[in-house]
Amino acid sequence: MKLLTIIILLLNTVQMYPIQATPPTDPKATTKRGQLVLNCGKKQSLFFNAHWEGAKMLQDKYNIPMALSLIQWALESEWGKSDLAKENNFGGIKYSGNYAHFESKKAFYFAYSRTMNQECYQKIDRTNLDAWLNAVQWSECRYAKSPKYKAKLKRLIKQYKLDRL
């Protein structure tokens, strides 16, 4: 009985946060649309904040879903920590078989938009996230060669609730 009382007291005095969440007292750990990105640690939150505007611009201008852009960039750049990310290549973009290096995030966003606007991506329903996921996995443009790429993107999009964007 005493143990149950102690647990109840602790639960009433300790603030509860979603799994892996950083307490909201850290201003860097709150995304601009944090109410949609739950179960998000500091590393993920900082990454989403850093690329939110770029992904939003691509969605508004080219109908490239924010969820797809953000999660591809996170996955391809290891949440912005990879050597390629240090060269502003967050998407693993290659030219003539070699990884590209970009002067800025803005230059990368432009290159990514060109990649995602190739003819093979023009054939899909650009308003449908699942159509995009199929295209990056199976179209002749094939963004990635791994047979598990679509499933991994889909799992991460759902985990961070980016499908609500």
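Values quoted throughout were computed directly from the atomic coordinates according to the rules given, and no laboratory measurement underlies them. Being a predicted model, the structure only gives us computed values, none of them experimental. Quick reminder, even Gly has a Cβ in these numbers, built from the backbone with ideal geometry, and neighbours come from all protein chains shown.
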Among the listed pairs Lys61/Lys158; Lys94/Lys123; Lys42/Lys81, which are separated by more than 19 Å between their Cα atoms? Lys61/Lys158; Lys94/Lys123
May I ask you to give the average projected area over all directions of the convex hull of the Cα atoms of the range 39-164, in nm² rounded to one decimal? 7.2 nm²
Chain lengthening between Lys145 and Glu119 when straightened (0.36 nm per residue, less Cα-Cα): 7.5 nm
With r defined as the distance between the Cβ atoms of Ser96 and Thr127 and R0 fixed at 25 Å, what FRET efficiency is calculated, to the nearest 0.05? 0.20
Mean Cβ count within 10 Å, highest first, over the residues of peptides 151-160, 78-87: 151-160, 78-87
